[in-house]
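> Sending over a structure as structure tokens; questions will come in a sec.
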Amino acid sequence: MKWIYRRAILALLSISFTVALTFFLIRLMPGNPMDYYIQILMRSGRARTIEEAIARAKSLMPVNMNDPIWKQLLDYIAGVLHGDLGRSISSFTPVSEIIVKSLPWTVFISSIALTLSFTIGTIMGLVLAYKRGTKFEGFSVAALTIFGAIPNYIMALILFYVLTIVYPILPMRGGYDSLIPVGLTFEFIVSVITHAILPVASYVLTDFAGWALGIRAMATTILGEDYVTVAKARGLKESRIVTNYVGRNSILPQFTGLVLSIGFLFGGSPLVETIFTYPGIGRFFASAVSARDYPLLQGLFLVLSITVISANLIADILYTRIDPRVKVGD
Amino acid sequence: MKDGTMKDGLRNKLVVAFVVTALAGALFLNLPFTQAATKSPVIFVYSMEANFQPEGHFNNYAETGYIGHAAVSMIDQLAPHVLGTTNFYPELATNWNFVGDWLVVKLRTGVTWHDGVPFNATDVWSTFILHKIRGYSEWGSNIIDDVQVVNASAVKFHVTGLHDLALNWLLSAYVNGPYHVYKTYVDAFIAHPDTADAISVDLNSFTPRSVAQGAIGTGPFMLSNMTESDLWLKKFTNFYAADTIVIDYIHGIKEPSNEVGWGYFFSNTADWGEPFAPVPVATVLNATGTKVFLAKQTRHDFVVFNFKNPLLAQKTFRQAFAYALNRTELVLSANYPVFHASQDIIPYSEFYIKNWLNTTFLNSLNKYEYDPDTAKSLFESIGLRYNDQGQLCYTNGSVVTLYVKFPAPWTDVALMMANVATQLNRVGVTVIPLALDWATVDHAMNIGDFDLVWYTAGGDHPYQQGFDATNGYGFPTYGQFPKVITWQGSNFNLTKFFVDWGKATSVAAETPYVAKLAQIYNDYLFALPFSDTDTMFYGSGRFIYPPSYDTAWMCNEYARGIIVAQLLMPGKFQLNMTYWTVPTEAPAQTPIETYIAIGLAVVVAILLAYIFLVRKK
């Protein structure tokens, strides 16, 4: 148990360190929210003179913007400890409200995508390992390598073009049809599901290949192990060998990757969510970086840090349960 | 008997299955006709680049979350300025005239806010008080120093100078500060004018009430719903000219990028918008299912020189730069039809000033036609020289190197700025293009961290640019003019020039100033205009648009106000009735589906007759 406490304390320290680091890093980016907003006002013609633009931009900035950086950090940490993540500069909405609203959408599509890509990838990898040396394997591995190399936002653009423009069979934007009242109705649920198909497909089509190639490599090694040969000699069913002997042993490294991926579920993909105008957290990442929206960026990185580091901790703990060979000394 | 029963049961099931299938088939095949017979609400889908306010709330004076575009149809102006002319189109103001230094504006009567509260002069007054709190230009630039309510349907502004510009700014203002909504802030400012900054900050987080209850504006459309990506406006039935509005709803959809925005049009999802298509020009102009409109020369693009760089501070170097640049090649490099090479190197060359200045005068200005030899000799005339590799060098032998910064996300601009580098390299000037994200470019512009930077500006009153140039002095993007320049052999005080201009109260009195400004720009080249740029709109086939661009429809905001004008002007924006209602003429031939449907219906009828009549016997 001591080991778990130590790991938990280490995780807390890691989160604190990450929060402080990101606080400084985002301020090292060239530009700042005020410069950005001044130019927005001037370019759009909404401010007629530079003085007007400056005056209006000033009203948006947090009151402590001119304080020393260390004081701003202390204010931020104090706010976080009180559950106050500040207000977004670009929408003047409380950051916590943005996160609470957008996070479920991202987790919804990311978790489905992760489950599908992991399941499909694992099954495909096992099949490929079992069919090693065949033409099917060669062709599949080549195809998987190509799919795995395509970034998810490129896949999203391809799907957007093919399935919403050339063959318009799926919705092209949003989390649901805005004409349908929000509620637990069949119509609304169907709308949510159909709107999630393309973002999910963008992730699955580019992610499953990684899982498949990973488990194929592991399973190919295990297939050469003596205990597999013995199992075959004992005349066990092929399916039992594939699942119980090969599958179970080759899935351990995959499992670590899976748990770590769960942490990243909460970050979403800025580009995929932007392409499909999906109301998730990734879209806010993209806009917050563009507008140098410091409070929003800090809040989003805080969520991401907590989830990734927590996922690491959970992976460490669970690994000892899944693989009895792993021992942790107190 | 048992076999017979089973056979009967099976037969009955088959008959029932057949009947159900036949009925369903008949209904399905008739569905298109059923749909065509139903008149849907007319929804106009407007694809827009915009930031949306927090879901469910709308505050006209939240500095963030400006939504523009379609949303401007929620609010009215007093009288929008018709760009390129000296005319105004009456909206909330029906009449205006100067009485001495007071501009008296008479207001339309019978107008109500979207929440039903009658509109009156106090609302105009409170709007301008809110402008004052925010530091809007008409106050900060000393265009006005007072606004008063005359009576319920008239206000007056005390204009301190520049009557023409005052008209432009005051009449074009959106009236969006209803007193009954913003009373707390307006009253607080009247009581304590020194607390304007604090009130201004508070205004951002004010959410008057829910969208459904809120007084948003007096315009033809009222806010119905708003999410992070969707804006819904519905027709305001109490609008003073509601009978001219042919649309029931406007659905504003957020356009996340050009690539995606173009998809909205290519798939016929959007009815209106202005995405820059990531495809060749011919594809844009010939795209199926879309109509393309060019609003002519709504802005111009230019390269700004940073005067902090001693080389760029020299007029001769800037002029050499202008000769070295083939503007036609430059605009063609973007491969997009909205850019046109600037002909007269003056601000807003094709758009505004030409309404003030005659052709003879314009022809007297230097055209800076592409002439690389002149460029080279001008470079050498200021002591620069070429090394063995043909690179332009300082006298100490170091190579002249300039950095041009521009926003990478705007790919057409990136292509053009890369071309600037290519062309300047041809005459030996080493120009390095730096494609950066918007915030970085904006920061560089604000602090003057550039040699050359791309910029764009929309058409407006010529005084305004001069005003920015002098009052924004020291601000790198806008105020590159020193206050006193050497021009035509003597010192020329620009501050005095604009102060004098400010006293002019008629177009005739202002014209000499406009001419002089054009000459100064043309000679001094604080920035180099290279493109008189159009705005390209896309429209779907679901509506009938004006046959051609007409400046009269370009009310403001870089032509985006066109949509408001079109919605308001009878006969300018109509429904394509073949889409929205049952065709007025019967189809020439009965579609085959109808015969099939009738055939199926007959079969069903015979089967039903057999089942209920023949078999019973």
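The values are calculated or read from the model by the stated rules, or taken from the named source; none is laboratory data. Predicted, not measured: the structure shown is a model, and the values here were computed from it. Positions of Cβ are backbone-derived with ideal geometry, glycine not excepted, and every protein chain shown enters the neighbour counts.
> Is one or more of the residues making up the range A:147-156 modelled with pLDDT under 90, assigned to a loop (DSSP other than H, G, I, E, B) and not aliphatic (A, V, I, L, M)?
Taking the range A:147-156 first, the residues modelled with pLDDT under 90 are none.
No: the range A:147-156 contains no residue that is modelled with pLDDT under 90, assigned to a loop (DSSP other than H, G, I, E, B) and not aliphatic (A, V, I, L, M).
> Restricting attention to the range A:179-210, report how many residues are under 17 Å from the mean Cα position of the chain (by Cα) and among the charged types (D, E, K, R).
1
> Which condition number in (1) assigned to a loop (DSSP other than H, G, I, E, B); (2) touching a Gly at 6+ places or on another chain (Cβ under 8 Å); (3) more than 14 Å from chain A (Cβ to nearest Cβ) is the one that B:N142 fails?
Only one criterion is unmet by B:N142, namely (3).
> Can you go through B:S229, B:S224 and tell me which one is at pLDDT 80 or above and surrounded by fewer than 18 Cβ atoms within 10 Å (Cβ to Cβ)?
Values: B:S229 fails: surrounded by fewer than 18 Cβ atoms within 10 Å (Cβ to Cβ).
Only one candidate qualifies: B:S224.
> Among (1) within 14 Å of another protein chain (Cβ to nearest Cβ); (2) under 24 Å from the mean Cα position of the chain (by Cα), where does A:P168 come up short?
Looking at each condition in turn, A:P168 falls short on (2).
> List pairs: first in the range B:391-414 and not assigned by TED's automatic domain parsing to the domain that holds B:V279 and at pLDDT below 90, second of a type in the set (S, T, Y) and assigned to a loop (DSSP other than H, G, I, E, B), Cβ under 6 Å, 6+ apart or cross-chain?
What qualifies is B:D412/B:Y336.
> How many of the residues in the range B:434-443 are more than 7 Å from chain A (Cβ to nearest Cβ) and either in contact (Cβ under 8 Å) with a residue 60 or more places away in the chain or surrounded by 23 or more Cβ atoms within 10 Å (Cβ to Cβ) (or both)?
1
> If you don't mind, another one. Working only within the range B:122-139, note down all residues that are touching a strand residue (DSSP E or B) at 6+ places or on another chain (Cβ under 7 Å) and away from chain A (no Cβ under 11 Å). Let's see the steps before the verdict.
Kept after step one, since they are touching a strand residue (DSSP E or B) at 6+ places or on another chain (Cβ under 7 Å), are these residues of the range B:122-139: B:122, B:124-125, B:128, B:138.
The answer is B:T122, B:V124, B:W125, B:F128.
> To continue, here is another question. Given the conditions (1) within 14 Å of another protein chain (Cβ to nearest Cβ); (2) out of contact with any Pro (no Cβ under 6 Å at 6 or more places or on another chain); (3) modelled with pLDDT of 80 or more, and given that B:N258 satisfies all but one, which numbered condition is not satisfied?
In the conditions (1) within 14 Å of another protein chain (Cβ to nearest Cβ); (2) out of contact with any Pro (no Cβ under 6 Å at 6 or more places or on another chain); (3) modelled with pLDDT of 80 or more, B:N258 misses (2) alone.
> Scan the range A:157-194 for residues that are aromatic (F, W, Y), part of a helix (DSSP H, G or I) and either touching a residue at least 60 places away in the same chain (Cβ under 8 Å) or farther than 19 Å from B:V279 by Cβ (or both) and report the count. Let's see the steps before the verdict.
Narrowing the range A:157-194 to residues aromatic (F, W, Y): A:160-161, A:167, A:176, A:186, A:188.
Right, trim to part of a helix (DSSP H, G or I) and you get A:160-161, A:186, A:188.
Narrowing further to those that are either touching a residue at least 60 places away in the same chain (Cβ under 8 Å) or farther than 19 Å from B:V279 by Cβ (or both): A:160, A:186, A:188.
Total meeting the criteria: 3.
> How many residues, within the range A:47-83, are within 7 Å of chain B (Cβ to nearest Cβ) and either within 24 Å of A:Q298 (Cβ to Cβ) or of a type outside the set (A, V, I, L, M) (or both)?
Count: 7.
> Say we look at the range B:49-58 and pick out the residues that are crowded, with 20+ Cβ neighbours inside 10 Å and within 9 Å of chain A (Cβ to nearest Cβ); which of these is modelled with the lowest pLDDT?
Filtering the range B:49-58 for residues that are crowded, with 20+ Cβ neighbours inside 10 Å and within 9 Å of chain A (Cβ to nearest Cβ), the one modelled with the lowest pLDDT comes out as B:P54.
> Could you please give the count of residues in the range A:61-108 that are among the aliphatic types (A, V, I, L, M), surrounded by fewer than 19 Cβ atoms within 10 Å (Cβ to Cβ) and not in a helix (DSSP H, G or I)?
3
> Sticking with this one: For the range A:157-173, does any single residue satisfy the condition of being closer than 30 Å to B:E228 by Cβ and in contact with a strand residue (DSSP E or B) (Cβ under 9 Å, 6 or more places away or on another chain)? It would help to see each step written out before you state the result.
Of all residues in the range A:157-173, those closer than 30 Å to B:E228 by Cβ come to A:157-173.
Still in the running and in contact with a strand residue (DSSP E or B) (Cβ under 9 Å, 6 or more places away or on another chain): A:173.
Taking every residue of the range A:157-173 in turn, at least one turns out to be closer than 30 Å to B:E228 by Cβ and in contact with a strand residue (DSSP E or B) (Cβ under 9 Å, 6 or more places away or on another chain).
> In the list A:L318, A:L258, A:L302, A:L313, which residue meets the criterion of being modelled with pLDDT of 90 or more and in a helix (DSSP H, G or I)? Before you say what the answer is, go through the steps one by one.
Details: A:L318 fails: modelled with pLDDT of 90 or more; A:L258 fails: modelled with pLDDT of 90 or more; A:L313 fails: modelled with pLDDT of 90 or more.
On inspection, the qualifying residue turns out to be A:L302.
> If you don't mind, there's one more thing I want to ask. Does A:G263 qualify as being assigned to a loop (DSSP other than H, G, I, E, B) and touching a residue at least 40 places away in the same chain (Cβ under 8 Å)? So that I can check it myself, show each step before the final result.
Working: assigned to a loop (DSSP other than H, G, I, E, B): no; touching a residue at least 40 places away in the same chain (Cβ under 8 Å): yes.
It is false that A:G263 is assigned to a loop (DSSP other than H, G, I, E, B) and touching a residue at least 40 places away in the same chain (Cβ under 8 Å).
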